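Worksheet: the structure to be examined is printed underneath.
The values are calculated or read from the model by the stated rules, or taken from the named source; none is laboratory data. Nothing here was measured: the structure is a model prediction, and the numbers come from that model. Cβ placement follows ideal geometry from the backbone for every residue including glycine, while neighbour counts extend to all protein chains displayed.
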């Protein structure tokens, strides 16, 4: 199944109405826009999807909707993680996974577990999960880093853990994993801005935020890089670089929702404690999109 998750996955936004309810009409537009843009797979209910602000019923409704609209056109990787291991196992047993091809599970946040705790956390989740597991390392959000040694041990020991979304920003750590990983273990960039160098070092693709806005351009860049055509990949990378920088200047997913609002794809409403981007960032994104 690993081949399904090479290339570009999109960390989907969850569009909201002004009253905070899920805007399913706009959600359909986002999904179809990404698929029409030739991305390889979709990742609903992750960080970009504001999953931590959705209740259980909303998460189930959002997942059912994504599965219905996708209609098996591309694989679906469900964001399902947290800092309570037993609760994740409970969610796995009560979630309809029939349309899900894998889960993306973030490293426990706030608890700041030891490396041994992180290992046991993911071992327990993988043992309870009937689809492949991609672990997600994002120290800027979780407060702890999954060391390369821990990732490699999970990759060696637990066959149901098929890859890592690496968003540590530490290229030395990423290269250590790529150099020493099992052959089929996927190393997926979690940072749009350094996706090209990650692939150049031997990575397998990206789970992207920017691809919500520019699915065709970004997925083309990733495909060119995976094919070894770095001349074409670099052109697209540098074309998007300033936009990517602006996208994250005032927080995510505020930036991507502002961009999608400018593009008339969905409104920019977020759920508290997140708020929209500042005026300077909005003006910058507007200029970049309209140029």
Inset, instruction - Scan the range 264-281 and give yes if some residue there is part of a loop (DSSP other than H, G, I, E, B), at pLDDT below 95 and either closer than 30 Å to residue 26 by Cα or touching a strand residue (DSSP E or B) at 6+ places or on another chain (Cβ under 8 Å) (or both), otherwise no. - result: no
Legend entry - Filter result for the condition that a residue is in contact with a helix residue (DSSP H, G or I) (Cβ under 7 Å, 6 or more places away or on another chain) and either surrounded by 15 or more Cβ atoms within 10 Å (Cβ to Cβ) or under 22 Å from residue 275 (Cα atoms) (or both), over 5, 24: 24
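The rows are residues; the columns are (1) farther than 14 Å from residue 214 by Cα; (2) touching a strand residue (DSSP E or B) at 6+ places or on another chain (Cβ under 7 Å); (3) in contact (Cβ under 8 Å) with a residue 12 or more places away in the chain.
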residue	(1), (2), (3)
17	yes, no, yes
21	yes, no, no
27	yes, no, yes
34	no, yes, yes
Inset, instruction - Taking the residues in the range 93-102 that are in contact with a helix residue (DSSP H, G or I) (Cβ under 8 Å, 6 or more places away or on another chain) and buried (at least 18 other Cβ atoms within 10 Å of the Cβ) as candidates, determine which candidate is nearest to residue 143 (Cα to Cα). - result: 102
Inset, instruction - Within the range 30-42, identify whether any single residue is closer than 20 Å to residue 126 by Cβ and assigned to a helix (DSSP H, G or I), and answer yes or no. - result: no
Legend entry - Cross-chain or 6+ apart pairs with Cβ under 7 Å, the range 47-73 first and on the phi > 0 side of the Ramachandran plot, then at pLDDT 95 or above and buried (at least 18 other Cβ atoms within 10 Å of the Cβ): 50/14; 50/253; 50/270
Inset, instruction - Mind checking which helices (runs of 4 or more DSSP H) fall wholly inside the range 166-235 and carry at least 3 residues that are touching a residue at least 60 places away in the same chain (Cβ under 8 Å) and within 15 Å of residue 9 (Cα to Cα)? - result: 215-226
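Would you kindly identify the helices (runs of 4 or more DSSP H) lying entirely within the range 93-163 that contain at least 1 residues that are out of contact with any strand residue (DSSP E or B) (no Cβ under 7 Å at 6 or more places or on another chain) and over 21 Å from residue 50 (Cβ atoms)? Before the answer, list the steps.
Numbers: elements: 115-128, 139-142, 148-157.
Of the helices (runs of 4 or more DSSP H) lying wholly inside the range 93-163, those with at least 1 residues that are out of contact with any strand residue (DSSP E or B) (no Cβ under 7 Å at 6 or more places or on another chain) and over 21 Å from residue 50 (Cβ atoms) span 115-128, 148-157.
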